Structure formats: structure tokens, C-alpha cells
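Working notes, structure below.
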Amino acid sequence: MIDIKQKKDCCGCSACAQVCPRACIRMEQDAEGFSYPGVSKEQCVQCGLCEKVCPILHAGERTDQVLKTYIGYYRQLPVRMASSSGGIFTLLAKQTLAKGGKVYGAAFDEHFTVFHTAASNEAELAQLQGSKYLQSRMGQTFQNIREDLKRRQQVLFSGTACQVAGLRSFLRRDYDGLLTVDVLCHGVPSPVVWETYLRELEQEYQSRVSHVFFRKKELTGWKRYELDITFENGASYHRPFPEDPYMRLFLHEICLRPSCHDCRFKRLERPSDITIGDCWGVERYMPELDDDKGTSVVIIHTPAGMEQFEAIAPEMAYKEAETDRALPPTADSRKSVLPHRRREAFFRKLPDATSLKELVPLIEPSFADRVKRKLRNIRNRIVHKGA
Ligand SMILES: Cc1cc2nc3c(=O)[nH]c(=O)nc-3n(C[C@H](O)[C@H](O)[C@H](O)COP(=O)(O)OP(=O)(O)OC[C@H]3O[C@@H](n4cnc5c(N)ncnc54)[C@H](O)[C@@H]3O)c2cc1C
């Protein structure tokens, strides 16, 4: 039976829990807010399926190629503005819906925590749009997708690469109707940190949160996007990401899932048909595709992915690109990021903190940190120029 000895060896995809024929595995949240499988040993019949479908135990088994890489965006500006990058997810999703299929992705629930759910029409699709920067709960999603595929329904599943890998191992066979899309991923922050932040803002604004958008571009542009939160009393909070405490803690790698620091999926060979992400640096590489409203990198891994791309291409502004220029090997979404050295202190202090702002000093860089960062930036610039 699945037995997680080190937390870094579980990405929380829940394939093990969903495959268990006796339903004796439950995803249980730890003190940091991340979920891990807990097995009821009395009910377990030692069938071994949970180990068989673990994408971490079998991470090396699927190595699809990079067929092509593109840079571009969906031409419909309103969709792009409501998306994190170039709106490619929505364009792909619309194709699936047009064929009568279902689209699975991450949405907010009524408490603004994140879970995976299905959309069968464009109105439902809106809730899947936009990055939600915390780990999503998978629930029964893999089981539902298997039922859809057995009924020969077209399915688009989108999520992080480890979630796509989890789905593929859960299914244990290929299905013609399935298209998988992974979003490039820096790592997933703890849902508990997000909940703490929301409660703090609700206290400050004396009202419940009614809307969250992590990537508002209207005022400050795509490159310096804002976290945008609206409250039931009409108040609103928006702050460029480098000034928002939650985004700063996330991007300083102090509250990521342990497995994100040893990610088995941050390779170019991904478990998905298509990878999408932000094309940071597009202003240097292909300035003609940069209007600061969101440009995506699109990496095609399989013939099925290529077919889908060809179907959406007429609605895009795009160019073919060199993979290492569109997504440099130094990008945080191509290699595991190290945990912040004060990560433990952060999670130790979190339960007693009355505000996330109190914990921000933990990430303020020391003199030595500043020198190291400068050197790293110089090295990255040299590598980038040479590529
Ligand atoms: C936690 C996280 C970290 C990321 N880190 C990077 C990064 O380092 N570099 C980079 O280039 N891009 C990163 N991205 C991807 C980027 O933010 C965009 O999601 C991506 O470029 C797609 O943009 P879009 O405009 O095509 O579609 P959008 O409409 O913006 O994206 C929606 C898609 O994101 C998925 N999604 C949203 N939230 C989650 C979640 N919590 N878990 C799983 N899937 C989710 C939805 O299912 C849907 O497929 C990250 C995304 C997430 C969720």
C-alpha cells in the first residue's frame, strides 16, 4: 500500500485515493495545508493499485518529445484580458466544447479555495479561466473523467504537470478522446496560507470576499500584473504582485509544497499533449508579439496536441519559436526551485501570525542574498544572450 515516507515524494494528485477499489485511502491535510494519502489499513486488501498509479513512483515512464514550440496569443482581447497569459487555455477549451466535450480545470469554490471541476458550456468555462495560485483539490475528478471517456465523450483536462501525470497513471491506458494540457508551474503554494490571507483581508475590509483575480492586467500591464480582490461591500484591493504579501511569499518559495522542490515533471518532456505558460522575455525575443496584454508559450508534445494547435492557430497571432529561447533552461518553471531557507520558520510561525505581513520580513534578503541574486541575474543574462 502507498506509504509516503518523505513528503517530497507526494505531489498530492490523489490518483492513489481515486483508484482504490475499497475506497480506503483519504487525502488528509497536514499542518502546512497540503494533502497526503492516509490509508485505512483494516480495509486495505493489498491490491497494490495505489502504488501502481503513483506518478512519482513512475515518473520516468512517459517521455514524450517536444514536437514544436510556438509563441502567441488568442486574438480576442477580452478573453486575453480575463486570462493570465495569452488566453490559449480558453481557445483550446472552446474547441472541446464545440465538439460537445467537457473541459476540466481549476475553479474557486464559495470560500475561494480551489478545486478541479468540469465545464460543459462557455458560461461554466469562465470559472476555469485564470491562474489560481494555490494547490487545487482534485476530489473525484479522475474517476469522473474515466466515466466520460468510457462514454466516448471528448475531454480536455488541464492542470499542473503532476496532476496530468496523475490522471494518466490513474487511467492506465490511452483514450482517443482525451486531450491533456499542463500549465507551466513555479510550484503550488499552501491553501492554508491563502486562507489565512483571505481572512486577514476580510477583517481589514470588514466584508466577505466576492471575487478574486490573480492576474489583473488593465492598470499595470501583464508583466507587472496585480492581485485583484473585490469584497461584498463593494470595496476592492489590488496590488502589483511584487508588493502583495501573499504573492511575495509564494514567489520567494517559502510556502510551496515540498514535492515542488524536487519536481519530477519540470522537464521539456511532459506528460501532457500541450504545455502552456507565460512567455516571459517575449519583448526581447519577439517584440512584435508583445503588447503587454499577455503572450503565451505553447509547447506541443504529441500528434494529438499538434492537431489541436492547428485547429486553433487561425484564431491566434503566433510564430514558431526555438524552445530554449521561448522558455529558457534557467526558467523557474523548467527546474525545481530550492525551498527558502526560512521555510520551516515560516510554517512554525504561521499559526500564531495575525497577519501574513508579519511573516514577510522572513523573506527580506540579507546582504549576502542580494549579492547572490545579482550574480545569478548576470549569469542568466549571459546564458540568455548566448542562446
Ligand atoms: C500554481 C501555478 C503556477 C504557475 N507558474 C508558472 C510559471 O512559473 N511560469 C509560467 O510561465 N506559467 C506559470 N503558470 C501558468 C500561467 O499562470 C497560466 O496559467 C498559463 O500561462 C495559462 O494561461 P492562459 O492565458 O492560456 O489561460 P488561463 O485562463 O489564465 O489559465 C487557466 C488554466 O490554468 C489552470 N489552473 C488555474 N489554477 C490552477 C491551479 N491552482 N492548479 C492547476 N491548474 C490551474 C486551469 O485549469 C486552466 O487550465 C502557473 C500556473 C499556476 C496555476
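Within segment 218-239, not a single residue is within 15 Å of the ligand (Cβ to nearest atom), in a helix (DSSP H, G or I) and either without any contact (Cβ under 8 Å) to a residue 12 or more places away in the chain or within 21 Å of the chain's Cα centre (by Cα) (or both). Of the numbered criteria (1) assigned to a loop (DSSP other than H, G, I, E, B); (2) more than 18 Å from residue 256 (Cβ to Cβ); (3) over 21 Å from the mean Cα position of the chain (by Cα), the one residue 328 fails is (3). Whether a residue is assigned by TED's automatic domain parsing to the domain that holds residue 96, on the phi < 0 side of the Ramachandran plot and acidic (Asp, Glu) was assessed, and residue 358 does not pass this test.
Within the option set 72, 12, 38, being of a type outside the set (Asp, Glu), in contact (Cβ under 8 Å) with a residue 60 or more places away in the chain and in a strand (DSSP E or B) holds for one residue only, 72.
Among 158, 131, which is the only one that is in a loop (DSSP other than H, G, I, E, B), within 18 Å of residue 215 (Cβ to Cβ) and within 15 Å of the ligand (Cβ to nearest atom)?
When all the criteria are applied, what remains is 131.
Looking only at segment 270-292, decide whether some residue is surrounded by fewer than 18 Cβ atoms within 10 Å (Cβ to Cβ), under 17 Å from the mean Cα position of the chain (by Cα) and at pLDDT below 95. Within segment 270-292, not a single residue is surrounded by fewer than 18 Cβ atoms within 10 Å (Cβ to Cβ), under 17 Å from the mean Cα position of the chain (by Cα) and at pLDDT below 95. Go through the residues of segment 98-107 one by one and say whether even a single one is assigned to a loop (DSSP other than H, G, I, E, B) and in contact with a Pro (Cβ under 6 Å, 6 or more places away or on another chain). No; the residues of segment 98-107 include none that is assigned to a loop (DSSP other than H, G, I, E, B) and in contact with a Pro (Cβ under 6 Å, 6 or more places away or on another chain).
If I ask for residues that are in a helix (DSSP H, G or I), near the ligand (Cβ under 10 Å from one of its atoms) and not aliphatic (A, V, I, L, M), which ones from segment 108-128 would you list?
If the condition is that a residue be in a helix (DSSP H, G or I), near the ligand (Cβ under 10 Å from one of its atoms) and not aliphatic (A, V, I, L, M), then 127 is the only one that fits.
Taking into account only those residues within segment 331-371 that are farther than 27 Å from residue 192 by Cβ and surrounded by 15 or more Cβ atoms within 10 Å (Cβ to Cβ), which is farthest from the chain's Cα centre (by Cα)? Step by step, filter segment 331-371, then rank; the result is 331. For the structure I just gave you, tell me whether residue 291 is over 30 Å from residue 4 (Cα atoms), within 15 Å of the ligand (Cβ to nearest atom) and assigned to a loop (DSSP other than H, G, I, E, B). Against the criterion (over 30 Å from residue 4 (Cα atoms), within 15 Å of the ligand (Cβ to nearest atom) and assigned to a loop (DSSP other than H, G, I, E, B)), residue 291 qualifies. Looking at segment 173-183, is at least one residue away from the ligand (no atom under 16 Å from the Cβ) and surrounded by 15 or more Cβ atoms within 10 Å (Cβ to Cβ)? There is at least one residue in segment 173-183 that is away from the ligand (no atom under 16 Å from the Cβ) and surrounded by 15 or more Cβ atoms within 10 Å (Cβ to Cβ).
Mind listing whichever residues of segment 134-155 are of a type in the set (S, T, N, Q), outside any helix (DSSP H, G or I) and more than 28 Å from residue 198 (Cβ to Cβ)? Listed by number, the residues that qualify are 153, 154. Suppose the filter is within 20 Å of the chain's Cα centre (by Cα) and within 29 Å of residue 190 (Cβ to Cβ); does residue 37 pass it? So residue 37 fails the test.
The values are calculated or read from the model by the stated rules, or taken from the named source; none is laboratory data. Only a predicted model underlies this, so the values are computations on that prediction, with no experimental measurement involved. FYI the Cβ positions are ideal-geometry reconstructions off the backbone, even for glycines, and counts take in every protein chain you see.
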